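**Q** Sharing a structure here in structure tokens format.
The values are calculated or read from the model by the stated rules, or taken from the named source; none is laboratory data. Here the structure is a predicted model, which is why all the values come from computation and not from measurement. Cβ sites come from the backbone with ideal geometry, for glycine too, and all protein chains shown count toward neighbours. SASA here: full protein model, heavy atoms, side chains in, ligands and nucleic acids out. Shrake-Rupley method; radii C 1.70, N 1.55, O 1.52, S 1.80 Å.
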Amino acid sequence: MPPRTRSTRVASSALTVIPRTATKAKVNTDIQTPPVKRQKLSAPDPSPEGRLPGPSESTQLIPPTLSFSLPDAISHLSKVDPRFGLFFTHLPCRPFVHLEAIDPFRTLVTSIIGQQVSWLAARAINNRFRALYGFDPESKEGFPSPHLVEKEDVAKLKTVGLSTRKAEYVISLAQHFTSGQLSHELLHHGSDEEISKALIAVRGIGQWTVDMFLMFSLRRPDVLAVGDLGVQKGLLRWALAAHGALPRKQSTTPKKGKSKTKVVERAEGELDTVVRETTPNRTIRDTFPPTPSTPTTSHQAVLHTSDETTTAAQIPPTPNSPVPGEVAQIPAGTLPPPAPEEMLKPLNDNPDWNPHTAVPLPEGLSVDVLKARLGGKKVKGGMYLTPKEMEDLTQGWRPYRSLGVFYMWPAAEEQ
């Protein structure tokens, strides 16, 4: 017998109320129990039956709207650096073009579930988590509300595959929603700083997850993800290319019999002879470039879409965040492919082109320093650029840095 759907369950519960008001004296033995049934509707029982949230309990969706003018943002960035015009034309800025309503609670729970596990395992756990509350795991529709999850037992959540810590994180997140600390009003109308502070207060959510949530889910226009090595590397290559100093790609093959070390070709011209566990397999994944010389304080972070037909896209390890293995759930079809190097080159034929306007280099950050950074001589902490350097290099992008950041991932390595 197939499981009942949400609509049939609501209908049956409504029928138990009608006899109580319309035929009060008809069958006294039956009408004494409705208060008990109504109690079950507000508090989930241990079985999957009866767990679907009512309309008043559902998380409010973030509407598919922008808080800024996209044409104004495109015009501003293209005026600062005409190369953005090429990117906007050939690689649409999808988070701000393909809009859809977002369930913030579902998005953040999915991020927690996906930490430090493969995307396949995360998908299976997510499906079992939804099934625990009566939702069809074969369908993408439906997700338990914070009101249901906050009352859950850690041991029960562990049965779907969550670790004790992750189960505690999910319950804590639900409690932040039900208490109003993470309200629809805050997420929709609060400032970036207010939202960041409220999210960081939730166990299991780090700054990288906050930055990705602000960009991809809330579509905030002025987020600079300073802790993401992919963004750092892309910005570094972007700056070098503007000044005509981006090293050319080199192809080197080790002499036969001379070495057994695996040589990996790097887009920036260096040879990486270190076999890293974080290096994704390019034959089966749509990836962003792995980052060499990653410090031990960094961790792997992953952006993946809800489209189950595609695999997860790897982002280089991101330092300076206390949450290992962060994952951000983003809408399907959002991730950009690597950009051809031709799109990074200076537009010398454009009358508005000026490398010092497009990417003004702050004091102490010369072309030679940038080339050394790209070659592996990173700053303390294993970063390509410090947060202050990233602020300086992107000063002209304000107040639309999110759109520029989006293009730093495809700029991180040529196609």
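**Q** Per the Kirkwood definition applied to all pairs of different Cα atoms, how many angstroms is the hydrodynamic radius of the range 343-415?
**A** When all Cα pairs of the range 343-415 are included, the Kirkwood radius is 13.8 Å.
**Q** Just to confirm a number: summing +1 for Lys and Arg and -1 for Asp and Glu over residues other than Pro82 whose beta-carbon lies under 12 angstrom from that of Pro82, what do you get? Please report the intermediate quantities before stating the final value.
**A** Details: positive: Lys79, Arg83, Lys345; negative: Asp81, Asp349, Asp352.
That sum, taken over residues with Cβ under 12 Å, equals 0.
**Q** Right, another one. Enumerate the amide H contacts of Ile102 below 5 Å, restricted to partners 5 or more residues apart or on another chain; note that Pro and chain-start residues carry no placed amide H.
**A** When sequence neighbours closer than 5 places are left aside, the close amide H contacts are Ile62.
**Q** Still on this structure: By per-residue mean of other Cβ atoms within 10 Å, what is the highest-first order of 218-224, 344-350, 388-394?
**A** In descending order of packing, they fall as 218-224, 388-394, 344-350.
**Q** Solvent-accessible area per residue for the range 127-183 at a 1.4 Å probe radius, Å²?
**A** 44
**Q** Moving on to the next point. At 1.4 Å probe radius, can you tell me the per residue accessible area of the range 343-415 in Å²?
**A** On the way: 3390 Å² over 73 residues.
Here the per-residue accessible area is 46 Å².
**Q** Continuing with the same structure: So, by mean Cβ neighbours within 10 angstrom, what's the order for 166-174, 105-113, 90-98 with the highest one leading?
**A** On the way: 166-174: 21.9, 105-113: 24.3, 90-98: 16.4.
Ranked from most to least packed, the peptides come out as 105-113, 166-174, 90-98.
**Q** Under the rule of at least 5 residues apart or a separate chain, name every residue whose amide H is placed under 5 Å from the amide H of Val327.
**A** Val302
**Q** What list of ³J(HN,Hα) couplings, whole Hz, do you get for the range 125-138 from phi and the Karplus terms 6.51, -1.76, 1.60, once you set θ to phi - 60° and write x for glycine and proline?
**A** Those phi angles translate into 5, 4, 5, 5, 4, 5, 5, 4, 9, x, 8, 5, x, 7 Hz.
**Q** Pop out the carbon and sulfur fraction of the accessible area of the range 185-241 as a percent, whole number, probe 1.4 Å.
**A** 53
**Q** Per 0.36 nm of contour for each residue apart, how much would the distance between Lys249 and Ser69 grow if the chain were fully extended, relative to their Cα-Cα spacing?
**A** 61.0 nm
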